[in-house]
Amino acid sequence: MKTRKMPKVLLLKNGTVLDPLKGTSSKKDIIIENGKIKSIGKPKAPKSAEVLDCTGKVITHGFCDVHVHFREPGREDKETLATGSRAALAGGFTRVCVMPNTNPPLDSPESIRFITEKAADCPIHIHPIGAVTKGQKGMELTEMAAMVREGAVAFSDDGLPIANAAVMRRALEYASMLKKPIINHAEDLDLRDDGIMNEGEMSLKLGLDGNTFLAESMMVFRDIELARLSGAAVHIPHVSTKESVTHVAAAKKNGASVTAEVTPHHLYFNDEALVSYNTHFKVAPPLRSEADRKTLVKGITSGTIDCIATDHAPHTIEEKEATFTNAPFGMIGLESCFAAVNTILKKEKNVSLLDFIALLTVNPRKLMGFDTDLFQEGTEAELTILSPDETWVFDEDSIYSRSLNSPFTGESFIGKVNATLVRGNMTVL
Amino acid sequence: MLKQKHLLGLEGYPAQDIKTIIDTAFSFREVLDRPIKKVPSLQGKTIVNLFFENSTRTRISFELAQKRLSADTVNFSASTSSLKKGESFKDTAQNIEAMKIDAVVMRHPDPGAPLHLTKHVDAVVINAGDGKHEHPTQAILDMMSLQEVFGKIKGLNVALVGDISHSRVALSNIYGLTALGANVTVCGPPTLIPPHIETLGVKVSHDLDAVFEWADALNILRIQMERMGVGLFPSVREYRNLFGVNTERLDRHGKELIIMHPGPMNRGIEIDSAVADSKQAIILDQVLNGVASRMAILYLLLGGKAEE
């Protein structure tokens with residue numbers, strides 16, 4: 001992977017331009033000048049233009065991930081905004097939202113400013129999500145308005161659920177004034193108990209404590225109803241159970257302001273992946289049953305699931321080399337996201353690339369209030385170039401994160417990101 | 001002689017190999033009845049007993065089995081907390097490997113830890129209990145004890161009574177007994193029976209008296225007092241009334257049930273003293289068979305010379 005400054009004039013030649021906003025797909029050339037889109041169609045490029053041959057490739061909006069953990073500040077040994085940016089570029093992501101469960105957490109205007117200032121030097125667009133409560137303790141609301149002024153795009157205590165329903169209600173009400181969504185890691189901690197994997201036949205056989213599906217779906221239901229009560233927007237992160245999908249679908253039908261995301265790993269694996277206690281499969285919420293996984297895939301085709309988010313969660317080798325019980329929850333996912341989901345959708349569902357790409361581009365941008373019309377002349381070139389049918393094997397060399405805890409290492413994929421254009425730079429893989 | 005290099009659990013373990021172990025154990029049992037209870041089978045072999053969790057009888061049983069086979073043994077005990085503070089699991093494993101050990105007998109609080117160990121060492125790994133996952137040597141000695149009494153395992157009705165959820169003994173017994181053709185019922189309050197257990201081919205009952213009618217043998221599992229604090233059962237009195245095995249209950253059925261217990265027992269709670277000390281209890285035979293079974297397992301896995 002090589003990242004360099006874009007030439008003054010860049011011609012993307014002979015590619016298929018796929019616009020997930022307008023729902024169109026056609027062969028066009030694109031001229032980019034000074035990092036901005038100059039013209040699209042059959043424009044005549046000046047002789048001085050550098051040509052990037054896109055024959056057989058798809059050019060689309062740069063991917064946007066509303067759920068990553070870049071560990072800064074506090075655990076820079078796992079990831080930083082800079083190293084996380086490289087992982088994002090490798091995965092075709094031009095824009096990410098970082099979760100606030102850092103050390104210290106992003107629970108003040110000052111800490112939000114720390115991220116936005118550092119992000120200014122990064123090769124992708126990074127937006128902080130602010131904590132809902134001070135110290136992520138689930139009690140007192142943070143200074144949300146001041147945090148929005150410093151660049152917070154949403155609020156979440158991710159990693160920790162907001163257990164107290166009254167606090168959740170107030171958070172939703174308050175954030176609605178600022179027109180920002182609340183993202184709540186839905187998991188009833190009492191019901192989850194010591195659960196570290198999905199409760200089912202596999203947890204019984206492995207002797208590991210189970211985490212029942214209800215621990216998630218109960219709180220998803222609660223959050224949807226609270227959002228309805230307060231007329232606020234709630235976003236459900238990493239939906240993992242079929243019951244949660246059912247609740248979200250019903251709420252959407254009733255007009256509640258609810259959106260939901262699903263991760264590549266919940267679409268790709270089920271709890272049988274844990275058979276040899278491989279800690280790279282330890283994640284929260286846990287990998288669920290095959291029936292759950294199938295329902296999540298179906299949720300994409302039915303429109304119940306709005307976006308794909310990686311929940312990119314880097315951990316050190318040392319931490320992941322522990323026993324399953326002691327290893328931390330989480331896996332990285334930016335580099336493998338497009339290929340993993342593309343592979344599943346190609347194998348199992350007849351989803352058009354256009355519909356799928358919307359879940360990585362338009363939908364997450366809408367959710368966060370970012371510009372969604374990226375093929376407009378004059379806008380910053382924030383583009384991803386990919387080969388949807390290329391087959392390849394994901395290995396450790398495919399990883400650009402500072403951590404290596406990917407469950408996809410060794411997997412054969414269909415579809416590959418070839419280049420990522422953003423912030424005046426071009427990254428070619 | 002056995003198909004698998006290690007003994008990590010009885011899930012999917014070949015029935016023929018379980019039988020081989022039990023048959024071999026009976027021949028070692030004869031050794032234990034001799035005045036000189038030692039054979040040279042594993043002379044020159046080094047075995048480390050790696051106990052990350054407190055254990056008295058399992059560790060002593062293994063150590064005795066190793067000494068009876070003339071192996072050299074080293075004991076390593078560490079409370080989990082001190083391990084957590086210091087050396088990583090991987091380092092401990094690599095240290096063992098560096099010391100050229102032939103076999104590791106490991107007890108660990110985390111399920112899957114013995115499998116984890118096999119990835120770092122070349123030595124034979126024997127699981128002496130990993131969390132609530134498996135305790136294969138206990139199940140083998142239990143089956144050996146049943147065979148001693150009944151002459152067979154196939155067709156026997158065996159009930160596991162008590163805390164099934166937190167018991168590694170239960171899971172290994174279920175795998176072993178069903179593999180050898182026994183019928184298994186688990187009995188206890190629903191809060192101590194794990195969901196989906198029936199998928200393993202066992203019946204579930206909450207009625208001890210009905211189980212008495214059905215069973216040929218009861219394997220009574222220890223109830224841990226700390227489970228009471230988190231509401232898994234309300235009180236000792238209530239537990240004893242519903243699931244305690246006592247003479248009065250046994251007499252009501254007038255049936256010679258065989259009583260087993262892997263120990264340590266809570267006398268007066270899950271089992272009354274009168275029952276534990278009665279002649280239908282084979283609890284102390286289990287202890288002796290434990291040494292014989294572990295001798296057989298070590299002998300078969302470490303490829304010792306056949307004993308004349």
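Key figures for this structure:
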{"read-out": "Residues within region B:26-39 that are out of contact with any Leu (no Cβ under 8 Å at 6 or more places or on another chain) and either of a type outside the set (Lys, Arg) or within 17 Å of B:Ala179 (Cβ to Cβ) (or both), tallied", "value": "8"}
{"read-out": "Top-ranked residue of region B:248-278 - restricted to ones that are among the β-branched types (Val, Ile, Thr) and touching a Leu at 6+ places or on another chain (Cβ under 8 Å), ranked as surrounded by the most Cβ atoms within 10 Å (Cβ to Cβ)", "value": "B:Val275"}
{"read-out": "Search result, residues across region A:397-417 that are surrounded by fewer than 20 Cβ atoms within 10 Å (Cβ to Cβ), out of contact with any Ser or Thr (no Cβ under 6 Å at 6 or more places or on another chain) and not in a loop (DSSP other than H, G, I, E, B)", "value": "A:Asp397, A:Ser412"}
{"read-out": "Enumerated helices (runs of 4 or more DSSP H) restricted to region B:13-89, each holding at least 1 residues that are touching a helix residue (DSSP H, G or I) at 6+ places or on another chain (Cβ under 8 Å) and modelled with pLDDT of 90 or more", "value": "B:15-32, B:57-68"}
{"read-out": "B:Leu50, sole failed condition from (1) in contact with a strand residue (DSSP E or B) (Cβ under 7 Å, 6 or more places away or on another chain); (2) surrounded by fewer than 21 Cβ atoms within 10 Å (Cβ to Cβ)", "value": "(2)"}
{"read-out": "Any chance A:Asp121 is of a type in the set (D, E, K, R), without any contact (Cβ under 8 Å) to a residue 60 or more places away in the chain, surrounded by 24 or more Cβ atoms within 10 Å (Cβ to Cβ) and over 20 Å from A:Pro285 (Cα atoms)", "value": "no"}
{"read-out": "Inter-residue pairs, beta-carbon under 6 Å, first over 23 Å from B:Leu192 (Cβ atoms) and in region B:143-168, second outside any helix (DSSP H, G or I) and among the charged types (D, E, K, R), 6+ apart", "value": "B:Leu156/B:Asp216"}
{"read-out": "Some residue of region B:72-93 being touching a Phe, Trp or Tyr at 6+ places or on another chain (Cβ under 9 Å), within 14 Å of chain A (Cβ to nearest Cβ) and crowded, with 23+ Cβ neighbours inside 10 Å", "value": "no"}
{"read-out": "Residue match in region A:309-317 (condition: within 14 Å of another protein chain (Cβ to nearest Cβ) and either more than 18 Å from the chain's Cα centre (by Cα) or surrounded by fewer than 24 Cβ atoms within 10 Å (Cβ to Cβ) (or both))", "value": "yes"}
{"read-out": "Residue, nearest to the chain's Cα centre (by Cα), within region B:96-120, restricted to residues that are surrounded by fewer than 23 Cβ atoms within 10 Å (Cβ to Cβ) and under 16 Å from B:Phe51 (Cβ atoms)", "value": "B:Pro109"}
{"read-out": "Residue count, region B:172-184 (criterion: more than 12 Å from chain A (Cβ to nearest Cβ) and under 17 Å from B:Pro262 (Cβ atoms))", "value": "5"}
{"read-out": "Residue satisfying all of: in region A:188-208; assigned to a loop (DSSP other than H, G, I, E, B) and either closer than 17 Å to A:Pro328 by Cα or modelled with pLDDT under 95 (or both); nearest to the other protein chains (Cβ to nearest Cβ) among these", "value": "A:Leu208"}
{"read-out": "Which numbered condition A:Lys47 fails, given (1) over 23 Å from A:His127 (Cα atoms); (2) modelled with pLDDT of 95 or more", "value": "(2)"}
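Okay, residues lined up against (1) surrounded by fewer than 21 Cβ atoms within 10 Å (Cβ to Cβ); (2) in a helix (DSSP H, G or I):
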{"residue": "A:Ala251", "(1), (2)": "no, yes"}
{"residue": "A:Gly255", "(1), (2)": "yes, no"}
{"residue": "A:Ala260", "(1), (2)": "no, no"}
{"residue": "A:Tyr277", "(1), (2)": "no, no"}
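The values are calculated or read from the model by the stated rules, or taken from the named source; none is laboratory data. Keep in mind the model is a prediction, meaning the values are calculated, not measured. Don't worry about glycine lacking a Cβ; one is built from the backbone with ideal geometry, like all the others, and counts go over all protein chains shown.
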